[in-house]
Amino acid sequence: MKTKKLKKELTVEQKIKRRNFISFAVFIGLGGAAFGGWKWLYNSPEETAGITGGAHQPLRRALNKTELFFRNFFSNNNLVKTYPKSMAAKVVRHNSDIGSEGKLPPESWKLQVHKKSGEVLQITLDELRALPKTEIVYDFKCVEGWDQISHWGGVKFTDFISHFKLEDEAKLQYVGLETPDKKYCVGIDMPSALHPQTLLAYEVNDQPLPGKHGQPLRLIIPVKYGIKNLKRIGSIAFSNTRPHDYWAEQGYDYYSGL
Ligand SMILES: Nc1nc2c(c(=O)[nH]1)N[C@H]1C(S)=C(S)[C@@H](COP(=O)(O)O)O[C@H]1N2
Ligand SMILES: [Mo]
């Protein structure tokens with residue numbers, strides 16, 4: 001009877017020992033895996049160097065997959081909701097002015113369009129005003145969390161493409177826009193640029209754009225967040241690689257679609 005009990009106690013102690021050993025081994029194992037994982041991420045390549053804030057590729061994979069998912073579903077037949085003019089804000093909200101501070105002497109501005117051939121078109125505001133005007137009243141959304149119904153007028157991007165015979169350029173994957181001083185820039189995937197509601201806008205509330213809203217010409221792209229709506233366009237270029245993008249280079253989502 002006595003010996004039997006001793007035997008039992010020993011087994012319990014052995015069990016405890018075994019469990020201790022197992023937990024310790026698991027602890028070391030998981031620790032090793034975590035370190036290995038960190039090392040793998042640390043040594044993994046950066047995504048498009050200089051374009052996405054130096055983020056490592058594996059960290060961006062999910063975001064890029066989301067982009068592909070939405071791009072598959074993106075259709076130029078889906079229009080952003082529009083509103084009657086009476087609903088447009090009379091006092092239009094104003095956000096940051098990187099590369100578009102103050103007013104630009106109008107005579108000093110021409111839109112530079114870089115063609116595939118290397119030729120650079122110099123387009124005046126009057127030439128753009130002479131094209132059919134398209135207006136839109138929609139809910140402008142900023143990633144910072146505000147939105148506002150506003151009214152813009154200008155040239156439809158697709159009208160601009162056909163008028164200036166830029167069809168070959170429009171076959172490339174991206175459009176890059178920059179302010180005249182190149183301080184602010186955005187890259188737009190071609191399907192979004194060619195969306196029927198994308199405008200090169202020169203008016204807000206039927207008036208020429210004031211300095212703070214991007215005088216003389218800005219991008220209005222309702223399928224994207226505010227960050228992509230570059231104010232004061234200086235130049236437009238086309239490419240198959242992602243153009244420079246101010247906020248994407250700080251780590252924001254490159255696509256920034258709605
Ligand atoms: N040149 C330039 N364009 C810009 C910006 C900027 O700082 N500089 N800010 C962007 C952001 S974040 C937003 S929300 C909108 C704001 O446009 P608004 O000032 O006309 O409201 O402009 C976008 N275009
Ligand atoms: Mo914004």
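On a 0 to 90° scale, report how tilted helix 2-43 is relative to the longest principal axis of the chain, with both axes built from alpha carbons and the result rounded to the nearest 10. With rounding to tens, the tilt is 20 degrees. Ordering Ile236, Ile136, Ile28, Ile98 by the number of other Cβ atoms within 10 Å of each residue's own Cβ, fewest first, gives Ile28, Ile98, Ile136, Ile236. For GluC sites (Glu not before Pro), the sites in region 149-221 that DSSP calls loop and that have at most 16 other Cβ atoms within 10 Å are Glu167. Over the chain, dividing the summed -39,500 (n - 2.57) contributions of all DSSP H runs of at least 4 residues by the number of residues returns a 222 nm mean residue ellipticity of -9500 deg cm²/dmol. The slack between Lys15 and Val80, meaning 0.36 nm per residue of separation minus the straight C-alpha distance, is 16.8 nm. Rounded to the nearest 10 degrees, the angle from helix 57-73 to the longest Cα principal axis of the chain is 50 degrees. What shape does region 177-235 have by the C-alpha gyration tensor, where a ≥ b ≥ c are the square roots of the eigenvalues, rounded means a/c under 1.5, and otherwise prolate means a/b greater than b/c and oblate the rest? It is oblate, given that a/c is not under 1.5 and a/b is not larger than b/c.
GNM remark for the chain: springs join alpha carbons under 10 Å apart, and the peak mean-square fluctuation among His244, His56, His151 falls on His56. Which of rounded, prolate, oblate describes region 81-250, given a ≥ b ≥ c as roots of the alpha-carbon gyration tensor eigenvalues and a/c under 1.5 marking rounded, otherwise prolate only if a/b is larger than b/c? Rounded shape, in that the Cα axes give a/c under 1.5. The simple spin-label model puts a point 7 Å past each Cα toward its Cβ; for Lys115 and Ser44 those points are separated by 4.4 nm. If you run the Gaussian network model on the chain, springs between alpha carbon atoms under 10 Å, then out of Phe35, Phe157, Phe238 the most flexible one is Phe35. Across region 171-187, coupling constants 3J(HN,Hα) worked out from phi with the 6.51/-1.76/1.60 Karplus curve, θ = phi - 60°, read 7, 6, 7, 9, 10, x, 10, 9, 6, x, 8, 6, 6, 10, 8, 9, x Hz, and Gly and Pro carry x. The mean sequence separation of alpha-carbon pairs under 8 Å and at least six residues apart, normalised by the residue count of the chain, gives a relative contact order of 21 percent.
Quick note: the coordinates plus some simple rules give every number you see, no bench work behind them. Nothing here was measured: the structure is a model prediction, and the numbers come from that model. Cβ coordinates were reconstructed from backbone atoms using ideal geometry, including for glycine residues, and neighbour counts include every protein chain displayed.
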